[in-house]
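Peer 1: One structure, as C-alpha cells, below. Some questions next.
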C-alpha cells in the first residue's frame, strides 16, 4: 500500500493500494462507473478489453478516502516489452474516454492519487501515457505531466426537451431537410427502424453494422474501428451491454434491405454515439442522418440528459451538437529513455499531423509514433 494525501484531501485520509485482480472490486466498480457517467470506465468494458488485448502487468489500484472507503479505481497496466516500459489505462484504443473510475466531482482527488501512485510506487516504468482523459480537468498540474494534444468530443444537451422543442431549436434549413428526406424515403421505400432488443437479434445486427461500416468507408480511407480482433471484442462487449440495458443498436431497413446501422451506448443518463455504417447506394436519401435523428428522438423521449458524439471533429457532429467537452492525451516520463521517447514521439506526431493535414488526410494517434509496436 502507498499512503498518500491528494491535493484537497483531509490530512488523515487517502491511501492507494494495488488490488489483486479485476474481480476483486467488481461490485463497488459498478457504483463508481455509474457516478463517473462514463461507459468506458465500466468493469464490463475494462475486463473485456483485458481479456482480448491485455498483455504485460495489470496495475489495478484502489484509492480510499478519509473514511477508508474505496472511492476511486485506477485501472492501469504496464507493457512488459523493452526497451520502453509503458503505463497506460486499460481500455485504450477503442475507448473514447478513459481515466480514473470515480465520481466526476472527485476527479481532482483521484488525479492526485494517480500522481502519487506514479511517483511513489516501485513497479518500474519509463512513460505514463494517459489517452483520452476528461478534457475539463487540469492534468498539467500533475508532476511532470505534459499535455500532448486535445481531441474534439462534441455533445448535445437534451435534458428536459421534447422532440418538437428540439426541432424548434434547430435552423429552418435543418428542419426542412429532415422533413423532406423523411417524405422522400417514405415515398420510395417501405421504411423500418429496428432496435436490437433480444440476444438472438444481436449477431446478425452486428454483422450488418460491420458490413455497412466497411461499405461506407472502403473507398474513402482505411478504418480500424472493427479491424481484426476488434470485431470479436465488440461482439463480446455488445452482448454484455445488451444484458445490462446499455446497448442501442439500430438498423434502418428499406424494402427489407439494411441501408444504415447505428451502434450507440446508453449509460448513466447519457447516450453515446459510437459507430455507424451505411450503404453508399442510399446516400442521396441521407439514411445516416435520418437514423441519427431517430436515435436522438428516442433518447429525448426516454428522458436521456445528453447525447454524446464522442471523439472526432466531423462537421456532421457539430450540426447537431451544442458543446464540446473534449478529451486530452497527456504523458510523463520516469527515465531518460522515457523522456527521449516522449519528446521524439511528440515531434514525430507533429510532423505527421502537418504532412497529413496538408494532404487532407486524417491525423494519426501519438501512439503510432512511439518506438515499438502497441496494440492500437
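The values are calculated or read from the model by the stated rules, or taken from the named source; none is laboratory data. These numbers were taken from a predicted model, which means no experiment stands behind them. Cβ atoms come from the backbone with ideal geometry, glycine included; neighbour counts cover every protein chain shown.
Peer 1: Would you confirm, using the coordinates I've provided, whether residue 88 is closer than 17 Å to residue 338 by Cβ, surrounded by fewer than 22 Cβ atoms within 10 Å (Cβ to Cβ) and outside the structural domain of residue 310 (by TED's automatic domain parsing)?
Peer 2: So residue 88 does not fit the description; no.
Peer 1: Something else: Just to be sure I understand, how many residues within region 166-199 are in contact (Cβ under 8 Å) with a residue 12 or more places away in the chain, assigned to a helix (DSSP H, G or I) and within 31 Å of the chain's Cα centre (by Cα)?
Peer 2: 7
Peer 1: Which one of these is at positive phi, surrounded by 15 or more Cβ atoms within 10 Å (Cβ to Cβ) and in contact (Cβ under 8 Å) with a residue 60 or more places away in the chain: 132, 126, 115?
Peer 2: Residue meeting the stated conditions: 132.
Peer 1: Out of the residues in region 149-165 that are in contact with a strand residue (DSSP E or B) (Cβ under 9 Å, 6 or more places away or on another chain) and not in a strand (DSSP E or B), which is surrounded by the most Cβ atoms within 10 Å (Cβ to Cβ)?
Peer 2: The selected residue is 153.
Peer 1: Does region 300-322 contain at least one residue that is under 22 Å from residue 188 (Cα atoms) and not in a helix (DSSP H, G or I)?
Peer 2: no
Peer 1: Looking at region 135-144, which of its residues are touching a helix residue (DSSP H, G or I) at 6+ places or on another chain (Cβ under 7 Å) and surrounded by fewer than 21 Cβ atoms within 10 Å (Cβ to Cβ)?
Peer 2: Within region 135-144, 137, 143 qualify.
Peer 1: Considering each residue of region 323-347, count those that are touching a strand residue (DSSP E or B) at 6+ places or on another chain (Cβ under 7 Å) and assigned to a helix (DSSP H, G or I), and give that number. Walk me through how you get there before you give the answer.
Peer 2: Taking region 323-347 first, the residues touching a strand residue (DSSP E or B) at 6+ places or on another chain (Cβ under 7 Å) are 323-333, 338-339, 341-342, 346.
Next cut, assigned to a helix (DSSP H, G or I) only: 338-339, 341-342, 346.
Going through region 323-347 one residue at a time, the tally reaches 5.
Peer 1: What number of residues within region 97-108 are touching a strand residue (DSSP E or B) at 6+ places or on another chain (Cβ under 6 Å) and either under 22 Å from residue 56 (Cα atoms) or not in a loop (DSSP other than H, G, I, E, B) (or both)?
Peer 2: The number of residues fulfilling the criteria is 5.
Peer 1: If residue 130 meets every condition in (1) part of a strand (DSSP E or B); (2) modelled with pLDDT under 95; (3) touching a helix residue (DSSP H, G or I) at 6+ places or on another chain (Cβ under 9 Å) apart from one, which number is that one?
Peer 2: All conditions pass for residue 130, except number (2).
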